[in-house]
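Enquirer: Just dropping this structure here.
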Ligand code: MN
């Protein structure tokens, strides 16, 4: 039976568990944190941090989590310092940061933002309340974002569901879409700086740098002084600012979708999302999902079952 193994942190495993929230099995093999069964694949996450994908669709399923390293690659426990690791002292530099929102949400778009924060504006960013957006509630995000968009150069792209679904059906991975979007917003932000060069460009890492650049083959790629890090929101305020603007844009889009649906469209990919999708199918027909959701998520099939 085909299988793939990934090595994941406990935080990653929590996220994966939520992705499979409604496919979890009732019993667990020894040492397992969760097990999920979907058509063509069984996913088992172990306390050791290994996540095993088994079945015909093992590889495709594991690829969804391509930002995690395969366990058999000779990766070290602590991430190796590479030429893509942020330089020491980056926190006080003038930096373009980029981040995206919405990749794990069944409803709504992917929003990607790059923002430039000059070293002279770092104190102002703190005054405006810019910090890791995971610690911020939606009303705070909205308030801070409204200040930010008047204060710093940034570029934002919104990949709405219909276009996302078309690209996905043509075989483009979410990883590639993200790479294209990040590269595009970084390029646009650089253009807004009137020739001024940032000391660094920091991408909140969603793929290995090598894979990121491979996705961009054939494009005009921003490569110079480009660094990658996971949890980059905590490394430079430009990434935190980009993330806040991206989340603000995502909230606006979700509001629009809620208006179009006539009820509150939920975030995430859990069972509440399946029910909302089922409600939408009942009211507007199955085709409506194309404008509202990331169709290839398992939620689509689950929602259809609710309708029957
Ligand atoms: Mn991110």
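The values are calculated or read from the model by the stated rules, or taken from the named source; none is laboratory data. What you are looking at is a predicted structure, and each value in this text was computed from that prediction instead of being measured. Virtual Cβ from ideal backbone geometry, glycine too; neighbours counted across all protein chains shown.
Enquirer: Would you say residue 226 is surrounded by fewer than 24 Cβ atoms within 10 Å (Cβ to Cβ), in the same structural domain as residue 94 (by the TED database), in contact (Cβ under 8 Å) with a residue 12 or more places away in the chain and within 11 Å of the ligand (Cβ to nearest atom)?
Expert: On the way: surrounded by fewer than 24 Cβ atoms within 10 Å (Cβ to Cβ): yes; in the same structural domain as residue 94 (by the TED database): yes; in contact (Cβ under 8 Å) with a residue 12 or more places away in the chain: yes; within 11 Å of the ligand (Cβ to nearest atom): no.
No, not satisfied.
Enquirer: All but one of (1) under 15 Å from the mean Cα position of the chain (by Cα); (2) more than 16 Å from the ligand (Cβ to nearest atom); (3) part of a loop (DSSP other than H, G, I, E, B) hold for residue 217; which doesn't?
Expert: The failed condition is (1).
Rundown of residues vs (1) under 22 Å from residue 302 (Cβ atoms); (2) part of a strand (DSSP E or B), yes/no style:
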site	(1), (2)
60	yes, no
84	no, no
88	no, no
99	no, yes
112	no, yes
120	no, no
127	no, no
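Enquirer: Could I ask something else about it? Looking only at the stretch 280-298, how many residues end up being without any contact (Cβ under 8 Å) to a residue 24 or more places away in the chain and assigned to a loop (DSSP other than H, G, I, E, B)?
Expert: Matching residues across the stretch 280-298 total 1.
Enquirer: So, restricting to strands (runs of 3 or more DSSP E) that lie completely within the stretch 3-50, which ones have at least 2 residues that are crowded, with 18+ Cβ neighbours inside 10 Å and over 22 Å from the mean Cα position of the chain (by Cα)?
Expert: Correct list: 32-38, 41-46.
Enquirer: Within the stretch 271-279, can one find any residue that is touching a residue at least 60 places away in the same chain (Cβ under 8 Å), surrounded by 15 or more Cβ atoms within 10 Å (Cβ to Cβ), assigned to a loop (DSSP other than H, G, I, E, B) and not assigned by the TED database to the domain that holds residue 23?
Expert: No, the stretch 271-279 contains no residue that is touching a residue at least 60 places away in the same chain (Cβ under 8 Å), surrounded by 15 or more Cβ atoms within 10 Å (Cβ to Cβ), assigned to a loop (DSSP other than H, G, I, E, B) and not assigned by the TED database to the domain that holds residue 23.
Enquirer: Here's something else I'd like to know. Out of all the residues in the stretch 183-214, which are part of a helix (DSSP H, G or I), within 17 Å of residue 240 (Cβ to Cβ) and within 16 Å of the ligand (Cβ to nearest atom)?
Expert: Result: 185, 186.
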